[in-house]
Every structure is written in C-alpha cells, then in structure tokens.
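What follows draws every value from the coordinates through simple rules; no lab data is involved. Quantities reported herein were computed from a predicted structural model and do not represent experimental measurements. Ideal geometry is used to build each Cβ from the backbone, glycine not excepted, and the neighbour counts take in all protein chains shown.
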Amino acid sequence: MISETQDLNLPSFVSERLLKLRILLNMIRDDEWHLTSSEKKNIRAALYYFVDPEDFIPDHIPIMGFLDDAMYAEIVFKELKSEIKMYQEFCQFRIAEANRRREKALDPHAGREDWIADKREVLHARMRERRLLKSSGRGLRMRLF
C-alpha cells in the first residue's frame with residue numbers, strides 16, 4: 001500500500017504519515033531487533049488498518065480515502081512513540097558502531113551479536129519500562145490494541 005500511494009498525488013500530511021509506516025514495518029522485520037511475538041502482533045494489528053481498503057473511509061475515494069489512514073497513522077505513532085524512538089536509536093547505534101569498528105581496522109562482524117545484544121537489551125528494557133509506566137495509569141495512553 002505504501003508503494004501504491006507514492007504514485008498518487010496525495011496531500012503531504014497524508015503521504016508523509018503513510019511513508020512513516022515503513023518504520024513500523026522495519027521494526028517487525030528486523031531480525032536483530034528481536035521484538036517478542038506479542039509486540040510484533042500488536043504492531044501488525046495496528047498496520048492491518050492501513051491495508052484494509054474498506055476501512056472507515058474506503059481507499060478508493062480520491063484523497064479522502066487515505067485521510068483516515070493518515071490520521072490513524074498519527075495516533076499509532078503517538079502510541080508507539082517510545083518503541084519507535086528506541087528502534088531508531090538502535091539502528092543509529094548499529095551503523096555507528098560498525099563504522100567505528102571499520103575505522104579502527106576491526107571486523108564489524110566479529111562479535112556483532114554481542115555488541116548488538118548489549119545495546120538492544122538496554123533499549124528494550126527502557127522501551128518496556130516506559131510502556132509499563134504508561135499502561136499502569138502513571139501516564140495517559142490510548143489503547144489501540
């Protein structure tokens with residue numbers, strides 16, 4: 001759906017939010033990020049709305065058909081803000097650390113799982129702690145799933 005909408009002349013509000021869905025797709029497809037099956041299931045449930053052509057405003061209605069998708073995407077991004085932030089930090093770390101190792105003439109693949117696992121563990125703990133705080137009533141959080 002994301003690829004299909006790129007060919008349409010959609011308002012920037014809509015197209016920008018639909019493109020951001022790639023982050024969520026990358027999160028559940030990234031073998032090194034190691035989300036739990038429950039976390040992947042929650043993200044897939046949120047993404048399902050976007051692939052349903054007969055959602056609240058059917059996608060075949062010009063421009064308006066994707067407006068509800070964009071609004072829902074904005075809600076999903078706010079709901080998953082912590083998860084997205086931690087994943088983006090993980091991706092940045094992974095690239096920076098591989099580059100740092102190359103610059104020091106080290107093999108970036110040697111011990112890769114260990115240095116990635118350390119960072120992932122810290123970020124996952126932070127992500128899950130924030131999620132727990134939000135869902136325990138200490139913070140306001142909409143429940144999409």
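Out of segment 26-71, which residues are surrounded by 13 or more Cβ atoms within 10 Å (Cβ to Cβ) and among the hydroxyl-bearing types (Ser, Thr, Tyr)? Within segment 26-71, TYR49 is the sole residue that qualifies. For segment 89-105, the set of residues classified as surrounded by fewer than 13 Cβ atoms within 10 Å (Cβ to Cβ), part of a helix (DSSP H, G or I) and either in contact (Cβ under 8 Å) with a residue 40 or more places away in the chain or hydrophobic (A, V, I, L, M, F, W, C) (or both) consists of ILE95, ALA96, listed by residue number. Exactly one residue out of MET71, MET86 is closer than 27 Å to ALA125 by Cβ and in a helix (DSSP H, G or I), and it is MET86. Per the conditions (1) within 16 Å of LEU123 (Cβ to Cβ); (2) part of a helix (DSSP H, G or I), the sole criterion not satisfied by SER15 is (1).
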